[in-house]
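The values are calculated or read from the model by the stated rules, or taken from the named source; none is laboratory data. None of these values were measured; they are calculated from a predicted model. Heads up, the Cβs are rebuilt from the backbone with ideal geometry, glycines too, and the neighbour counts pull from every protein chain shown.
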Amino acid sequence: MDKEFLKKCWKNPRWHSLIVLIIWIISLTILMGIVSIMNSINPQEKRETPKLEEKQKEISYEDKLQNLLSDEYLLSFLITTKDNTLKWEGTEQNEVTNGYKEDASGIKKYRIENGISYEVILDQVEETEGIYNEITKEFLDRNVLISLLLETEEDNVYEKEENSIYEYNQFYKGENVKISVVETKEKIGKITIENEKAEYQLIFSENRNERRTK
C-alpha cells in the first residue's frame, strides 16, 4: 500500500471517516489494555496498604502494660495456696479498689485505699489484714506488678493460639518467682504468678460499662 493510495483514501470523505474510526478503535483498545493491567496491579497494593496501616496502629507490649495503670478495669484474681483457694474480684479506679473476696469461709466485701485494706459490712468500714492472709499482697497491687514487668527483661517469648506469651523468672523479696503474661492483639489478657507459697491468676477486663451487682 503506497503513500499515494493512502492520500487518496484520506481525501475521500467515506474512506476518511473509516480510517478515523479504525484509529479510534485501536487507540481505545490500547487504553483499555493499559487500564486492565493497572487494575490487576492496584488490588494487590490496596490489600497491602490496610495491612501496613494495621501494623502501624498495633499497640506495643509495653504500652499495653501501661494501659493497665491508666484505665478502669475489672480485676479478677484466682489464688491457690497449699491450704486454700480464694477468689478476689473488684474494680480499681483512682488508686481505690472495691471488690469481693470469696473463699471457704464465705464472701466478704473489701476496699483497699492508700495501701490499707478495709472490710465493708453494710455502712461500717473496718481496717483489716484479712484480705491478704498468707499471700503476697504486692502481687495484687497492679502498680507494683506492672512496674516490675516494665523494669524487667523477659526470659522467654513465644506464640500460642495467636497470643504472645512473655515469661519472667525473678528473685523477689527472698523468693523465686515465675511470671507469665498473655498478650492478645488488643491488650494484656492474663498474668500468672507462681512462687513457693501460691499461684496467682490475674485477669484484666475493661470495666467502662460494666457494674458488679451483688
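Yes/no per residue for (1) in contact with a helix residue (DSSP H, G or I) (Cβ under 8 Å, 6 or more places away or on another chain); (2) surrounded by 14 or more Cβ atoms within 10 Å (Cβ to Cβ); (3) among the charged types (D, E, K, R); (4) within 28 Å of N94 (Cβ to Cβ):
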{"residue": "K137", "(1), (2), (3), (4)": "no, yes, yes, yes"}
{"residue": "L148", "(1), (2), (3), (4)": "no, yes, no, yes"}
{"residue": "E154", "(1), (2), (3), (4)": "no, yes, yes, no"}
{"residue": "E162", "(1), (2), (3), (4)": "no, no, yes, no"}
{"residue": "S180", "(1), (2), (3), (4)": "no, yes, no, no"}
{"residue": "I188", "(1), (2), (3), (4)": "yes, yes, no, yes"}
{"residue": "N195", "(1), (2), (3), (4)": "no, yes, no, no"}
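List the number of the failed condition for F171; all other conditions in (1) surrounded by 14 or more Cβ atoms within 10 Å (Cβ to Cβ); (2) among the aromatic types (F, W, Y); (3) modelled with pLDDT under 90 hold.
It is condition (1) that F171 fails.
Taking the residues in region 46-78 that are outside any helix (DSSP H, G or I) and more than 11 Å from the chain's Cα centre (by Cα) as candidates, determine which candidate is modelled with the highest pLDDT.
Across region 46-78, the extreme among qualifying residues is L78.
With the structure loaded, tell me whether D123 is at pLDDT below 90 and surrounded by 12 or more Cβ atoms within 10 Å (Cβ to Cβ) or whether it fails that test.
Spelling it out, it is not the case that D123 is at pLDDT below 90 and surrounded by 12 or more Cβ atoms within 10 Å (Cβ to Cβ).
Here is a yes/no grid of residues against (1) in contact with a helix residue (DSSP H, G or I) (Cβ under 9 Å, 6 or more places away or on another chain); (2) under 15 Å from Q201 (Cα atoms):
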site	(1), (2)
T81	no, yes
N94	no, no
I107	no, no
S117	yes, no
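Here are some conditions: (1) more than 17 Å from K64 (Cβ to Cβ); (2) of a type outside the set (S, T, Y); (3) in a strand (DSSP E or B). E196 meets all but one. Which one does it not meet?
Single failed check for E196: (3).
Pick out the one residue from Y158, Y168 that is touching a helix residue (DSSP H, G or I) at 6+ places or on another chain (Cβ under 8 Å) and assigned to a strand (DSSP E or B).
Numbers: Y158 fails: touching a helix residue (DSSP H, G or I) at 6+ places or on another chain (Cβ under 8 Å).
The unique qualifying residue is Y168.
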